[in-house]
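> Sharing a structure here in structure tokens format.
The values are calculated or read from the model by the stated rules, or taken from the named source; none is laboratory data. Just so you know, these numbers come straight off a predicted model, no measurement behind them. Note that each Cβ is placed from the backbone with ideal geometry, even for glycine, and that neighbours are counted across all protein chains shown.
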Amino acid sequence: MTINYNCIFSISLFFLFACNGPEKKKDVPGQEENPKSDAHVHIMSPQLIKAWKELGIPFSKNDDYYANIDSILKTNNVAVLNLIGMGYVYGNPEFYQGNDAYEKLVSENNYVLRAAKKYPTRVTPYISIDPLHQGATEELKRCVSIHSDVGLKLHFNTSQVYLTEPDHLEKIREIFALASKYRTPILLHFDNGHPKFGKPDVILLVKSVLSEVDALNITIAHFGTSGGFNQKTKQVIDAFSQLKSEGEIPSKHRIRFDISAVALDKDSDGVKKLTEKEFSELKLYCEKIGYENIVFGTDYPLYTAAIYSRILREKLGLEKFESDSILHKNLAPRDTKQ
């Protein structure tokens, strides 16, 4: 399978580049501005930051902003959060060519677990794996043995997962079955970057994976794509909605969509900010998903919780019950055993 490096590289760095410009508004703490939880907060170890910098990637803030859990909690200012590791990047040979890629992924997961251990009532760690690597299931087992409430982040773009490939499909089914066994919630970056990604992938996920495994708690990152709101986003949501209306999605699963990096009010590394018309259309798609099924996430450090929640309120024109559902009621981090 040929890897589209430019696509993977830009999406992996989506939130890094987004931090380079000045924020337009100052964070204002308090219930009015800040949600209770943030389901999509990234952390990187100093080792990983160093690797990005060696590739020539600029960081606009000091390393603590990305790597230090105390700084992240202070800057993002929410009660509880999902802390998302990025060890999956080591599984992509276009990012790292060393023979110790698996060991580096393990090290990154350990960093996330240690950060979460410092704040056990506030932080839920989401470790990552390369689902196509032979050690993927063993790494998930290892992390669950360390932290029973751990979550799992899968990034189909960076890992280049194609459900249309039989061996890929089988490995994903194995990972999902194991996550179900351990009752491990999954945060899924579903978009694999292929130009034809869309409805066929949703059908395969639902009919060939979810129908074959026991109950799972799944959050689809970025409304199913890789940030922003475009025709591909609509196709994915439309496909899920159609399958749900037809009774094809097993009710045993809890499936939600995180809105992180969707309502962009600024350009970010090739992903265009939304026009007023697109914000209006996004509001309609929020209604199609159902506000009870939308989880708040910032993709920190792309945004902080205060700034992104303000964008959602103002740009989408949310009614109070709508904003309350997304920002205060749908608490993703602490429901892993539901």
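> Quick check on this structure: which one of I307, I289, I311 is more than 29 Å from K61 (Cα to Cα) and of a type in the set (A, V, I, L, M)?
I289
> Assuming S309 fulfils every condition listed in (1) in contact with a Lys or Arg (Cβ under 9 Å, 6 or more places away or on another chain); (2) surrounded by 17 or more Cβ atoms within 10 Å (Cβ to Cβ) apart from one, which condition is it?
(1)
> Okay, next question. Filter segment 117-153 down to the residues that are of a type in the set (V, I, T) and buried (at least 20 other Cβ atoms within 10 Å of the Cβ) and list them by number.
V123, T124, I127, I129, V150
> Is it the case that some residue within segment 41-53 is at pLDDT 50 or above, under 19 Å from the mean Cα position of the chain (by Cα) and assigned to a strand (DSSP E or B)?
Yes - at least one qualifying residue is present in segment 41-53.
> Can you tell me which residue is surrounded by the most Cβ atoms within 10 Å (Cβ to Cβ) among those in segment 164-182 that are of a type in the set (D, E) and assigned to a helix (DSSP H, G or I)?
Among them, the one singled out is E174.
> Could you list, in sequence order, all residues of segment 183-221 that are in contact (Cβ under 8 Å) with a residue 12 or more places away in the chain, surrounded by fewer than 16 Cβ atoms within 10 Å (Cβ to Cβ) and not in a helix (DSSP H, G or I)?
Residues satisfying the conditions are D214, A215.
> Now for a separate question. Could you list all residues from segment 94-116 that are in contact (Cβ under 8 Å) with a residue 12 or more places away in the chain and out of contact with any strand residue (DSSP E or B) (no Cβ under 8 Å at 6 or more places or on another chain)? Explain how you work it out, then say what you get.
Taking segment 94-116 first, the residues in contact (Cβ under 8 Å) with a residue 12 or more places away in the chain are 94-96, 102, 104-109, 111-113, 115-116.
Those that are in contact (Cβ under 8 Å) with a residue 12 or more places away in the chain and out of contact with any strand residue (DSSP E or B) (no Cβ under 8 Å at 6 or more places or on another chain): E94, F95, Y96, Y102, K104, V106, S107, Y111.
> Looking at D267, D258, can you tell me which residue is free of Cβ contacts under 8 Å to residues at least 24 places away in the same chain and among the charged types (D, E, K, R)? Don't jump to the end; show me each part of the working.
Details: D258 fails: free of Cβ contacts under 8 Å to residues at least 24 places away in the same chain.
One residue alone meets the criteria, D267.
> Then there is this: Can you report the number of residues in segment 92-115 which are small (G, A, S), out of contact with any helix residue (DSSP H, G or I) (no Cβ under 6 Å at 6 or more places or on another chain) and under 20 Å from G151 (Cβ atoms)?
Counting residues in segment 92-115 that are small (G, A, S), out of contact with any helix residue (DSSP H, G or I) (no Cβ under 6 Å at 6 or more places or on another chain) and under 20 Å from G151 (Cβ atoms) gives 1.
> Here is a follow-up. Is there any pair with a first residue in segment 155-181 that is closer than 15 Å to K196 by Cβ and at pLDDT 95 or above and a second that is hydroxyl-bearing (S, T, Y) and crowded, with 24+ Cβ neighbours inside 10 Å whose Cβ atoms are under 9 Å apart and which are 6 or more apart or on different chains, and what are they?
Taking only residues 6 or more apart or on different chains, the pairs are N157/S226.
> Since K329 meets every condition but one in (1) basic (K, R); (2) under 20 Å from the mean Cα position of the chain (by Cα); (3) buried (at least 18 other Cβ atoms within 10 Å of the Cβ), which condition does it not meet?
Only one criterion is unmet by K329, namely (3).
> If we only count helices (runs of 4 or more DSSP H) wholly inside segment 225-338, which ones have 1 or more residues that are modelled with pLDDT under 95, in contact with a Phe, Trp or Tyr (Cβ under 9 Å, 6 or more places away or on another chain) and among the acidic types (D, E)? Quick ask: steps written out before the conclusion?
Details: elements: 231-245, 276-289, 305-316, 320-324.
The qualifying helices (runs of 4 or more DSSP H) are 320-324.
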